[in-house]
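Structure first, commentary second.
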Amino acid sequence: MPFIIKNIADNIATITINRPEALNAMNLEVVGELHQAVNEAIANPTVGAIILTGAGDKSFVAGADIKAMSQMTKAEALKFGRAGHGLLNAIENAPKPVIAAINGFALGGGTEISLACHIRIATDNAIFGQPEVKLGLIPGWGGTQRLIRLIGKGKAVEMIAGGGIIKADEALRIGLVNAVVSPAELMTKAREIATRIVGNGPQAVRIALDCIRSGQDRSLTDGLEYELEAFANLFETAEMQEGTRAFVEKRPPEFRKD
Ligand code: CAA
């Protein structure tokens with residue numbers, strides 16, 4: 001996997017997109033390798049959270065590979081778009097939280113990848129944008145759908161139709177990212193959040209993510225019913241027994257054996 005660096009430590013998988021000479025722009029090969037790495041981290045039972053970042057100190061992902069796209073036919077663009085959708089859906093539907101550690105440019109597909117992640121932490125020099133219209137294109141990896149759900153229609157239309165950039169402080173203000181830190185603090189902050197997550201009941205985290213995600217496609221009434229059933233189901237699990245017993249016995253719970 002030349003374009004991906006993988007590391008697993010303390011139940012946290014860190015996946016680094018490694019094409020710094022092109023600011024981590026994504027061609028079909030990079031998309032395929034990242035998808036495989038995400039799938040492996042999802043399948044690994046010792047992994048409780050995933051951090052996604054970009055190699056180098058300049059860029060998270062500067063978007064889809066424009067040089068590659070400039071040569072694509074419509075059929076090839078459809079294949080490329082579907083590969084991107086497949087990757088981003090895998091991230092969004094992951095049963096363990098995926099944290100985007102955004103170290104610089106997150107443009108086009110870079111913003112879109114971050115949108116599919118569950119939590120976004122950015123460096124203070126991070127730059128977001130959906131500049132596709134400047135190329136005669138539109139966001140093709142979910143930007144027209146996920147951005148509106150996160151920051152609302154007005155800001156999403158401004159970003160997508162205007163094609164301008166959003167700096168880290170503005171991204172924080174409009175809720176595009178959870179936190180902004182210095183480049184030196186980025187991975188520490190991402191690991192701090194991931195560490196808190198992996199200390200919790202993995203099954204509870206998975207079910208909570210499922211309720212949050214599926215609630216987006218349901219009415220409030222249906223979503224509440226779905227949550228209630230999931231909540232009640234957990235009362236029959238060893239994990240819930242351990243968590244509540246540990247509280248009563250005034251000790252930390254032991255959720256993980258690995
Ligand atoms: N695709 C291909 N190569 C890219 C790239 C991209 N998206 N972004 C950067 N690169 C390459 C550059 O071509 C350059 O390589 P060469 O020297 O071999 O030409 C190298 O990365 C460094 O880039 P720059 O010299 O341009 O660096 P800079 O610091 O001057 O500028 C930048 C940085 C503002 C991010 C600029 O590179 C840029 O504007 N990149 C394109 C950003 C963009 O438009 N992204 C959206 C792509 S469309 C998309 O993503 C569609 C979708 O929804 C899926």
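None of the figures in this text is laboratory data; all of them are computed from the coordinates on show. No experiment lies behind these values; they were computed from the predicted model shown. With ideal geometry, Cβ positions are generated from the backbone for all residues, glycine too; neighbour counts draw on all protein chains shown.
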Handout entry: Flagged links, alpha-carbon separation over 24 Å, of Lys6/Lys257; Lys6/Lys189; Lys96/Lys153
Key = Lys96/Lys153
Practice task
Looking at the chain, send over the antiparallel percent of its DSSP beta bridges, to the nearest 5.
Solution key: 30 percent
Exercise for the section: State whether region 137-233 is rounded, prolate or oblate according to the following rule on the C-alpha gyration tensor (a ≥ b ≥ c being the square roots of its eigenvalues): a/c under 1.5 gives rounded; otherwise a/b larger than b/c gives prolate, and the remaining case gives oblate. Expected result: oblate
Exercise for the section: Beta carbons within 10 angstrom, averaged per residue: use that to sort the peptides 168-174, 228-234, 84-90, highest first. Expected result: 84-90, 168-174, 228-234
Exercise for the section: Pull up all non-local amide H partners of Val177: gap of 5 or more, or a different chain, and H-to-H distance under 5 Å with H placed in the peptide plane. Expected result: Leu172
Problem - Of Ile165, Ala116, Ile127, farthest towards positive along the dipole that unit charges on Lys, Arg, Asp, Glu beta carbons give region 102-174 - result: Ala116
Exercise for the section: Give, rounded to the nearest 20 debye, the magnitude of the charge dipole that region 176-258 has about its Cα centre when Lys and Arg contribute +1 at Cβ and Asp and Glu contribute -1 at Cβ. Expected result: 440 debye
Fill in the blank from the handout: The summed charge of the Ile138 Cβ neighbourhood (under 12 Å; Lys/Arg +1, Asp/Glu -1) stands at -1
Fill in the blank from the handout: Quick note, region 48-158: a/c under 1.5 would make it rounded; otherwise a/b > b/c is prolate and the rest oblate (a ≥ b ≥ c, C-alpha gyration tensor); here it is rounded
Handout entry: Per-residue ³J(HN,Hα) for region 92-101, Karplus 6.51 cos²θ - 1.76 cosθ + 1.60, θ = phi - 60°, Hz, x for Gly and Pro
Key = 5, 8, 4, x, 9, x, 10, 10, 8, 9
Exercise for the section: Report the charge-dipole magnitude of the chain in Debye, nearest 20, computed about the Cα centre from +1 at each Lys and Arg Cβ and -1 at each Asp and Glu Cβ. Expected result: 400 debye
Problem - For Asn178, net neighbour charge (Lys/Arg +1, Asp/Glu -1) across residues whose Cβ lies under 15 Å away - result: 0
Exercise for the section: Give me the net charge of Tyr226's neighbourhood, meaning all other residues with Cβ under 9 Å from the Cβ of Tyr226; Lys, Arg count +1, Asp, Glu -1. Expected result: -4
Practice task
Please work out the FRET efficiency for the pair Glu76 and Glu40, using the Cβ-Cβ distance as r and a Förster radius of 30 Å; give the result to the nearest 0.05.
Solution key: 0.65
Completion exercise
In region 59-202 the DSSP beta bridges are antiparallel at a rate, in percent to nearest 5, of 20 percent
Fill in the blank from the handout: Diffusion coefficient in µm²/s returned for the chain by Stokes-Einstein, Kirkwood Rh over C-alpha pairs, 10 °C and 1.306 mPa s, is 83 µm²/s
Problem - Antiparallel DSSP beta bridges within region 1-128, percent to nearest 5 - result: 25 percent
